[in-house]
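Data first, discussion second: the structure below is written as structure tokens.
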Amino acid sequence: MTDVQHQIPDDLLMGYATGALPQAFDLVIATHVSMSDDVRSRLAGFEALGGAVLEDLEEAEIAPDSLEQTLARIGEDTDRTVTAQPKAGVFPGPLRALLGGDTDSVKWRSVGLGAKQAVLHADKEGTARLLYIPAGQAMPEHSHGGMELTLVLQGGYSADDGHFVRGDLEVADNDTHHTPIADDDGEDCICLVATDARLKFQRLLPRIAQPFIGI
Amino acid sequence: MLVPNDHVDQTGSQASAVRDADAVVRRCRERCDQTVAANEVTEAHWVARITAIAKDEDKSAFAEVFRHFAPRVKAFLIKSGADESLAEECMQDVMATLWQKAHMYDAARASVATWIFTIARNRKIDLIRKNARPEPEDLPWGPEEQPDQADVLALQQDSARLTDAIRQLPEKQRRLIERAYFGDLTHSEIAAETGLPLGTIKSRIRLALERLRHSMS
């Protein structure tokens, strides 16, 4: 597995390991981890810390018939089949599991100029969406009310803080003014984006349009 | 002897695993202190119990794992904010999942405690949310594949050292790490700089993943 250059920073990865992140972030990070063995092993390090904390906990008292009840839950038919390896495609396992398929199962909505999006998850803590930006095209300039994670799934883009290709994760926060431009190499760019607050667009027109298109 | 006799069936792969284990332990004895060595014995023991559950559906092995880990899982859930009855219910669910997923456990990539922690964490989050927590793709071992025994032993040593290192942290710092894992800290409050030896574990697991990828290709 080739390893990605722009990896998730430690604090967010530890947040994922402890379960402290919004669900929208979990989706992006689970997908990112699936694309990089480096990140997978870094995550395993933070989970090892959780294991050590668990091992050292003072024991709680359990119900007297706890073991019997648990054995009753197990029942007789345990399925020991091993999960099949996910088929090759654009979307890694966690995304495919959510969508029930690869890119052809996305219900895109146009957001103008050939760009498309599909909201995959939204709750009060954050939103996860797929963004489709035609090759060579810029996303509207925006800054962030909160934190934004962008994971490249296909193609690539350039932003103020670097060039991002498949597997790369970009973290943007309050101070980031953001004008990503999709690579002009013939391949359209698909990204999985999680935000923990609404993006604020800098230019007037997109700002008016923002409540309607829901970016 | 790495593993006490009464804990190991001296047959086939198990016996060769123990021989490999002995060799690895001999090699690093000089840099392992006594506490760490004691933890390793325990860890090798738990790995053998999970293997017995996966291969033979061994209920006495499960009972043993249950007696040790169920009270800890329940404590973890209580510290995470569950009341007594929810914690008991959820703990039983976690332990039942352990039985069902025992064949998916890879001792080269996680200690038994770590693996159980991830099951408990996911179950806890699933209770809070309506839908399942997004998890990375599984990288399962096929029925005939087994993790490299030297990888398994090395990871056990690293895990033992990590447990030891946490115990030696200043009280305040240790509490902060525990609170993070109980879900007491928001992601902006989490400081990943723990001062703990996570780097060796990461490199070890990275190597195990390379071997796994190689065996799958």
query = GluC sites (Glu not before Pro), restricted to segment B:136-208: which are DSSP loop and have at most 16 other Cβ atoms within 10 Å?
reply = B:E144, B:E145, B:E189, B:E193
ask   = Which net charge results when you count Lys and Arg as +1 and Asp and Glu as -1 among the other residues whose beta-carbon is under 10 Å from that of A:V4?
value = -3
note = Among trypsin sites (Lys or Arg not before Pro) in segment A:1-110, those in a DSSP loop whose Cβ has at most 11 other Cβ atoms within 10 Å are A:K87, A:K107
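List the trypsin sites (Lys or Arg not before Pro) within segment B:163-217 that fall in a DSSP loop (any state other than H, G, I, E or B) and whose Cβ has at most 11 other Cβ atoms within 10 Å.
Filter output for segment B:163-217: empty list.
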ask   = Which order do A:C189, B:C90 fall in if you start with the one that has the fewest other Cβ atoms within 10 Å?
value = B:C90, A:C189
Residue-wise HN-Hα coupling along segment A:158-171, computed from phi with Karplus coefficients 6.51, -1.76, 1.60 (Hz; x: Gly, Pro) = 10, 9, 3, 9, x, 10, 10, 10, 3, x, 6, 10, 10, 10
request  = Straight distance only, please: which lysines reach the Cα of B:K130 with their own Cα at less than 16 Å, same-chain residues fewer than 8 apart left out?
outcome  = A:K124
key: Separation of the B:E171 and B:L127 label points, Cα + 7 Å toward Cβ, nm   = 2.9
ask   = For the residue pair B:E193 and A:D56, what label-to-label distance in nm results when each label sits 7 Å from Cα along the Cα-to-beta-carbon direction?
value = 2.0
Inter-part distance where segment B:89-149 and segment B:156-192 are each reduced to a Cα centre, Å = 21
task = Rounded to the nearest Å, what's the spacing between the alpha carbon centres of segment B:198-217 and segment A:25-83? Just the number, please.
result = 19
key: For segment B:207-212, 3J(HN,Hα) per residue [Karplus equation, 6.51 cos²θ - 1.76 cosθ + 1.60, θ = phi - 60°, Hz, x = Gly/Pro]   = 5, 4, 5, 4, 4, 5
key: Average beta-carbon neighbours from other chains, 10 Å sphere, peptide B:178-187   = 6
message = At a 10 Å Cβ-Cβ cut-off, how would you order B:F76, B:F62, fewest neighbours first?
response = B:F62, B:F76
request  = Search the structure for amide H atoms under 5 Å from the amide H of A:V111, placed 1.01 Å from N in the peptide plane, and list their residues when 5 or more places away or on another chain.
outcome  = A:K116, A:Q117
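No lab work stands behind these numbers, since they all come straight from the coordinates. Just so it is clear, the model here is predicted, and its values are computed rather than measured. Positions of Cβ are generated from backbone atoms using ideal geometry, with glycine treated the same way; all protein chains shown enter the neighbour counts.
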